[in-house]
């Protein structure tokens with residue numbers, strides 16, 4: 001089998017400069033245009049029979065229950081994170097070699113979520129055929145003519161032949177994959193020789209270069225509880241730690257591996273205007289999504305009561321809003 005390349009967007013190590021105005025007391029996607037977009041096909045109403053939990057909706061899966069909500073509140077947070085990531089990554093949707101405006105012919109976006117990355121990529125490269133897959137049909141009904149969304153569980157057998165795609169994109173699949181090596185094996189098999197994978201994952205633990213958070217700080221307790229829930233589900237949240245992804249890809253046979261690790265600021269504390277704006281977006285998305293990040297994991301997996309989790313979420317929200325923490329997470 002021919003060689004495949006790999007791009008993992010994670011972190012160029014640097015120290016983010018803080019805004020000098022910070023004191024220690026400081027505590028969507030553009031509307032679719034029907035004339036140039038096409039409507040996706042209708043789906044069975046049984047697919048929309050979501051599980052209800054504490055006022056949120058969740059998608060059922062053949063391979064297990066998915067931990068994150070699929071409702072409008074969570075989806076708005078996902079789109080904010082997408083836009084913040086673009087700011088963080090120099091407005092680049094991909095880091096693979098692309099010659100001019102001619103994109104890769106066949107593109108697969110695994111776990112597409114709201115579909116915003118797939119639609120943006122399809123807009124930017126109109127000659128590419130982009131397929132986005134997800135467990136939930138939460139994507140818009142109007143999409144670029146070269147973009148298609150399919151309901152699919154990436155942990156099951158894939159419907160496409162081997163050596164089919166030129167570029168496969170994965171992002172934010174932490175906590176949803178029982179066997180990352182098996183998933184990357186599927187990617188390798190379904191890429192054409194010379195094709196590319198880009199895998200972007202985020203770290204749960206929040207850190208700071210300016211504040212030392214003790215072990216019992218809410219940032220560390222939240223991360224440890226999330227890791228514990230992931231281990232109990234058999235779906236780790238620690239895939240981006242160390243060189244986990246790189247090691248999997250090397251063992252499978254990917255070559256030309258480029259790994260970058262980036263500090264994503266939370267809040268508007270950086271002195272750099274672009275990082276400050278990205279941090280503000282990340283903070284809004286974080287604030288919007290905290291309930292969705294924690295409620296299922298902590299009640300259904302760890303056995304906490306809703307009232308206990310509500311208190312934990314309030315504590316996390318209060319601490320994350322403190323600009324003087326100068327906090328960040330790794331991408």
Note down the Stokes-Einstein diffusion coefficient of region 153-295 in µm²/s, whole number, using a Kirkwood radius over alpha carbon pairs, 10 °C, and 1.306 mPa s. 92
Based only on Cα atoms, what mean projected area does the convex hull of region 81-202 have, in nm²? 7.4
Mind running the shape call on region 200-259? Use the C-alpha gyration tensor, a ≥ b ≥ c as the square roots of the eigenvalues: rounded below 1.5 for a/c, prolate if a/b tops b/c, oblate otherwise. oblate
For residue 127 and residue 241, extending 7 Å from Cα along the Cα-Cβ vector and measuring point to point gives, in nm, a value of 4.4
Take the alpha carbon atoms of region 222-271, find their center, do the same for region 91-166, and report the distance between the two centers in whole angstrom. 22
May I ask you to derive the relative contact order of region 146-196, considering only C-alpha pairs under 8 Å and at least 6 residues apart, and to give it as an integer percent? 52
May I ask you to derive the FRET efficiency for residue 228 and residue 150 from their Cβ-Cβ distance with R0 = 35 Å, giving the value to the nearest 0.05? 0.60
Give me the number: length gained by fully extending residue 142 to residue 95, i.e. 0.36 nm times residue separation minus the C-alpha to C-alpha distance, one decimal in nm. 14.2 nm
How much length would be gained if the chain were fully extended between residue 314 and residue 216, taking 0.36 nm per residue of separation minus their Cα-Cα distance, in nm to one decimal? 33.7 nm
Would you mind calculating the gained length between residue 302 and residue 274 on full extension (0.36 nm times residue separation, minus the Cα-Cα distance), in nm to one decimal? 6.3 nm
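A short reminder: the numbers here are calculations on the coordinates, not readings from a lab. Keep in mind that this is a model prediction, so the values were computed, not measured. Neighbour counts run over all protein chains shown; Cβ positions are idealised from the backbone, glycine included.
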